[in-house]
Amino acid sequence: MITVLRLGHRRGRDDRISTHVGLTARQFGADRIIYSGKKDSNMMESLRDVCDRWGGDFEVEYREDFRRVIKDFEGLKVHLTMYGEPFQEQVSEIRQDMEDKDVLVIVGSQKVPREVYGYADYNIAVGNQPHSEVTATGIFLYELNGRKVPEVFEGAEVKVVPSEDQKLTETFDG
Ligand code: SAM
């Protein structure tokens with residue numbers, strides 16, 4: 001099981017980017033996202049609505065105490081940070097270990113508390129330049145899952161029909 005922990009959500013300011021971290025996590029093979037920071041029921045509800053419509057079992061949770069989430073997590077703790085080691089050097093080791101271990105992928109928003117670096121088993125950079133939690137989540141999970149992009153989301157109400165020149169969808173009765 002892969003969980004993404006999104007630290008330090010700020011209501012209003014982070015709505016869009018936190019939603020996008022969730023959608024990216026879902027698309028690239030995570031099973032769950034846990035938000036910490038300010039509780040934002042509206043943001044989580046709209047993310048759940050999208051997930052219901054597009055299918056799958058992706059879970060959306062809030063935990064106030066991110067330290068507890070990290071400390072209690074049994075499995076591999078991977079913190080994505082521009083200050084970390086290149087992900088290309090670590091990802092195959094993590095992939096091997098995840099055959100029998102759960103993975104917690106931790107991403108920040110504003111400044112990440114220093115202690116998080118110590119809690120993590122891996123501090124990993126997707127390039128050592130600043131960019132975004134959405135990009136870092138997507139690229140890291142894409143590599144972690146062997147460059148596969150999951151296509152099957154059970155129970156979807158709507159599905160895209162890939163098209164070269166049209167916006168096509170198929171809808172299913174719920
Ligand atoms: N200076 C901040 C810090 O403390 O790391 C960067 C904040 S950045 C806007 C928000 C999050 O995006 C970071 O906490 C990290 O999870 C992710 N991120 C940004 N650039 C990254 C990179 N090059 N590699 C991995 N993760 C990155």
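No value in this document is a laboratory result; all are computed from the given coordinates. Just so we're clear, the structure is a prediction, and the values are computed from it rather than from any experiment. Heads up, the Cβs are rebuilt from the backbone with ideal geometry, glycines too, and the neighbour counts pull from every protein chain shown.
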Fill in the blank from the handout: Neighbours of Leu144 by Cβ distance under 13 Å: Lys/Arg at +1, Asp/Glu at -1, summed charge -2
Exercise for the section: Sequence neighbours fewer than 8 away in the same chain don't count; with that in mind, list the aspartates and glutamates whose C-alpha is under 20 Å from Lys159. Expected result: Asp31, Asp49, Asp52, Asp57, Glu59, Glu151, Glu170, Asp173
Completion exercise
Counting sequence-distant residues (5 or more places) and residues on other chains, those with an amide H built under 5 Å from that of Gly8 are Ser36, Gly37
Exercise for the section: For the chain, with a Gaussian network of springs between Cα atoms less than 10 Å apart, report the residue from Arg48, Arg68, Arg95 with the top mean-square fluctuation. Expected result: Arg68
Handout entry: Expected 222 nm ellipticity per residue - DSSP helices of 4 or more, -39500 (n - 2.57), all of the chain, to 500
Key = -10500 deg cm²/dmol
Practice task
Rank Val116, Val158, Val126 by mean-square fluctuation in a GNM of the chain with C-alpha springs under 10 angstrom and give only the top-ranked residue.
Solution key: Val158
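Using +1 on the beta carbon of Lys and Arg, -1 on that of Asp and Glu, and nothing else charged, what's the dipole of the chain about the Cα centre, debye to 20?
Working: 24 positive and 32 negative charges, 180 e Å.
It comes to approximately 860 debye.
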Problem - Spin-label model distance (nm) - Gln166 vs Glu85, 7 Å beyond Cα toward Cβ - result: 5.2
Handout entry: From phi via Karplus (6.51, -1.76, 1.60), per-residue ³J(HN,Hα) for segment 98-107 in Hz, x at Gly/Pro
Key = 6, 4, 10, 9, 6, 10, 10, 9, 9, 10
Handout entry: Pair Arg10, Arg95: separation of 7 Å Cα→Cβ label points (nm)
Key = 3.7
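Beta carbons within 10 angstrom, averaged per residue: use that to sort the peptides 76-84, 9-17, highest first. Display every interim value, and only then the final one.
Details: 76-84: 20.0, 9-17: 15.0.
Descending packing order for the listed peptides: 76-84, 9-17.
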Fill in the blank from the handout: Computed from the beta carbon distance with a Förster radius of 45 Å, FRET efficiency for Thr135 and Asp173 to the nearest 0.05 stands at 0.80
Fill in the blank from the handout: Checking Val105, Val21, Val149 against a Gaussian network model of the chain (alpha-carbon springs below 10 Å), the top fluctuating residue turns out to be Val149
Practice task
When a/c is below 1.5 the answer is rounded, else prolate if a/b is larger than b/c, else oblate, so apply that to segment 2-161 with a ≥ b ≥ c taken from the square roots of the Cα gyration tensor eigenvalues.
Solution key: oblate
Handout entry: Cα centroid separation - segment 4-20 against segment 45-98, whole Å
Key = 14
